Amino acid sequence: MAATTPLELDGAVKRYEGASGTVTALDGVDFRVGSNEFVCLFGPSGSGKSTMLNVLGLLDSLTDGTLRLDGEDVTTLSIEERTEVRREYLGFVFQDYHLVPTLTAVENVELPTVFDGRAERERARELLDRVGLGDRLDHKPPELSGGQCQRVAIARSLINRPSVLLADEPTGNLDRETGKVILDEFQRISDAGVSVVVVTHDPLVSDYADRRLDLVDGELG
Ligand code: ADP
């Protein structure tokens, strides 16, 4: 039996209806990411990158086309079902980390499991250890560097064992050397079997990714 594809977008169309007419933000996008694959997505401002991430992250729905996660059609789901699918399949990493400043590193990583009523403190510790922060468990974000904060955010994104990690400009606030540490981390994560999709303007990312895609006017080149 063929292995299922973690992330599959088929004929994706997204249109926004506004006062000044219809905007087509995604115009028939076909996109597949395998497990063990690290893909980066480039595109100028207005090319549809945010729309693409919102669709892949089940934060926005398609006008037309199909989205599958691990072979399961998740194109049309209720808000509750989307939340459940996000928790089960997806991890998120953002440019500005989105950490809770008053919680320690280990509490931040554990947080998604606390919300689920099954606090996984030991796994949170292991993940922080894996990203090289085993000696920073009890530090709070204001006591950590930008690169360390991003590594905490990466550890948190993995706590629910996602199939796919979606990252929005993850090196955008970091200097080049720190950015390389983060990109090394994404390589390790994809090598371990998680699909990684990074949307970015940072040319350094394409040196680390397995594949580069360019979005232009809502179409993939
Ligand atoms: P990028 O992230 O590459 O800058 P976006 O996905 O934000 O691109 O936008 C793609 C196109 O869709 C742009 O023309 C933008 O103006 C339009 N767009 C995005 N969101 C909306 C919205 N909520 N309503 C109307 N148009 C939108």
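The values are calculated or read from the model by the stated rules, or taken from the named source; none is laboratory data. Because the structure is predicted, anything quoted here is derived from the model rather than measured. Here the Cβ positions follow ideal geometry from the backbone for every residue, glycine too, while neighbour counts run over all protein chains shown. Ligands, DNA and RNA are excluded from the accessible area calculation, which covers all protein heavy atoms including side chains. Shrake-Rupley method; radii C 1.70, N 1.55, O 1.52, S 1.80 Å.
Here are a few things to note about the model shown:
- Only one of the listed residues (VAL181, VAL194, VAL205, VAL198) is modelled with pLDDT of 95 or more, surrounded by fewer than 22 Cβ atoms within 10 Å (Cβ to Cβ), among the aliphatic types (A, V, I, L, M) and under 19 Å from ARG151 (Cβ atoms). That residue is VAL181.
- Checking the stated criteria, LEU59 turns out to be within 12 Å of the ligand (Cβ to nearest atom), among the hydrophobic types (A, V, I, L, M, F, W, C), part of a loop (DSSP other than H, G, I, E, B) and under 19 Å from the mean Cα position of the chain (by Cα).
- Filter pass, ARG87 being modelled with pLDDT under 95, charged (D, E, K, R), touching an Asp or Glu at 6+ places or on another chain (Cβ under 9 Å) and more than 16 Å from the ligand (Cβ to nearest atom): yes
- Where helices (runs of 4 or more DSSP H) sit wholly within the range 117-221, those with at least 1 residues that are within 22 Å of PHE42 (Cα to Cα) and within 16 Å of the ligand (Cβ to nearest atom) occupy 205-208.
- Given (1) farther than 26 Å from LEU183 by Cα; (2) surrounded by 20 or more Cβ atoms within 10 Å (Cβ to Cβ); (3) touching a residue at least 60 places away in the same chain (Cβ under 8 Å), index of the condition LEU62 fails: (3)
- Taking (1) of a type outside the set (A, V, I, L, M); (2) crowded, with 17+ Cβ neighbours inside 10 Å; (3) within 25 Å of ALA209 (Cβ to Cβ); (4) in contact with an Asp or Glu (Cβ under 8 Å, 6 or more places away or on another chain) in turn, THR113 satisfies each apart from (3).
- Exactly one residue among ARG151, ARG87 is under 28 Å from LEU69 (Cβ atoms), open to solvent by less than 70 Å² (accessible area, probe 1.4 Å) and in contact (Cβ under 8 Å) with a residue 12 or more places away in the chain, and that residue is ARG151.
- When GLY43, GLY48, GLY11 are screened for being more than 8 Å from the ligand (Cβ to nearest atom) and in contact (Cβ under 8 Å) with a residue 12 or more places away in the chain, only GLY11 passes.
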